[in-house]
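What follows is a set of notes on a single structure, which appears directly below.
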Amino acid sequence: MSFNKQIKFARSTQAAAAAILAAQFFAVHSDPANAQLAAQAPATQPSAVLQQSPAGPVAAAGIGSTANPAGPGSGTAANPVVATAPTSSAPSAACSARAELARFDRPLIHTMRRLANGQPLAIVAIGSSSTAGAGASSPDATYPSRLAVELRARFPGREIAVFNRGVNGEETTNMMARFAADVLAAHPQLVLWQIGTNSVLRDHPLSPHAIQLHDGIERLKAAGADVVLIDPQFAPAVLAKSETPGMVEQIALAAKQENVGLFQRFAVMRDWHDAQHLSFDTFVSPDHLHMNDWSYACLAKLLGGAIAEAATRPIASAAVHPAAISARQDVH
């Protein structure tokens, strides 16, 4: 091949490569959703993703604590995690549960007072891996991040922060050891405490846990926060343990005795499976233990509804008068 022919061949090859690259660039950047999915697609996609109602971005910044080293969803005041609605082309299953499973027996007095007075609301979510977000495709898909979006949509214009203080693998005693730095330092009006799963998975006896649980609730109440307990997930790995029913009953009894809220996650997820006939693949990760994007989003949606209802019951008109609320707490 002559020198001139070699030059022409090289130029034609370069032109063809440039055309291919241009086509690839156009295919990705002409569709923002495809670009985001290409950049953030997890190794294992959930089987279905709940389609959230549109809501503006909301910061879930941390206060007085280091970022969670063990999972997504935590942040610091200097580097807040911004929660935005996850996008997915996967089909959606309907997010629902029986009304009595997604409602608290008692109002959230401190939360009610802050909302009624138009003051900023701080919520701390403390727990283990299903708070940290194991099984979620990104920090935005954890339940605390999704809850922040839900509450901001329900209370437009209010300053609401949800702090993710979940750490993978922890049990009740580990979480209580972090109360001062990771919970109380944020001065929350509401604490969501997810507990019980790891104790069951490790076959620990229930009796010591009952004492720890009551002690922990008392500490949180003494700090002036509403408390909502979140019991274990209804998932194959948890169901395989004989102590699971006892743990669920123990947490429900503690909530009743201590006069705090209970979000019945176990019963809600059982309702998905047994009553709504959703497969475990729809709401449990491939490890048969952790939740996925769809179930985290649905959990946040139901929990957000329960919080909003408990913070806006008829006695909310008295929330601007703290003394009036205190006088009526025992009635409910």
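Here 281, 140, 271 are placed in order of increasing Cβ neighbour count within 10 Å, fewest first, which gives 281, 271, 140. Would you please give the FRET efficiency between residue 222 and residue 100, computed as 1/(1 + (r/R0)^6) with r the Cβ-Cβ distance and R0 = 25 Å, to the nearest 0.05? Step by step, r from the Cβ atoms, then E = 0.25. Whole-percent P(r), segment 263-302, all Cα pairs, 10 Å bins from 0: 31, 63, 5.
Taking other residues whose beta carbon is less than 13 angstrom from the beta carbon of residue 288, and scoring Lys, Arg as +1 and Asp, Glu as -1, yields -1. Of the residues 192, 289, 220, the one with the fewest other Cβ atoms within 10 Å heads the list, and the complete ranking is 289, 220, 192. In this entry, segment 94-240 is assigned a mean projected area of 9.8 nm², taken as a quarter of its C-alpha convex hull surface.
Here 312, 173 are placed in order of increasing Cβ neighbour count within 10 Å, fewest first, which gives 173, 312. The separation of segment 135-177 from segment 274-307, counted between C-alpha centres, amounts to 15 Å.
Seen from residue 129, the other residues with C-beta closer than 11 Å to its C-beta sum to a net charge of -2, counting Lys and Arg as +1 and Asp and Glu as -1.
Where a number appears in this text, it was derived from the coordinates with a stated rule and is not lab data. What you are looking at is a predicted structure, and each value in this text was computed from that prediction instead of being measured. FYI the Cβ positions are ideal-geometry reconstructions off the backbone, even for glycines, and counts take in every protein chain you see.
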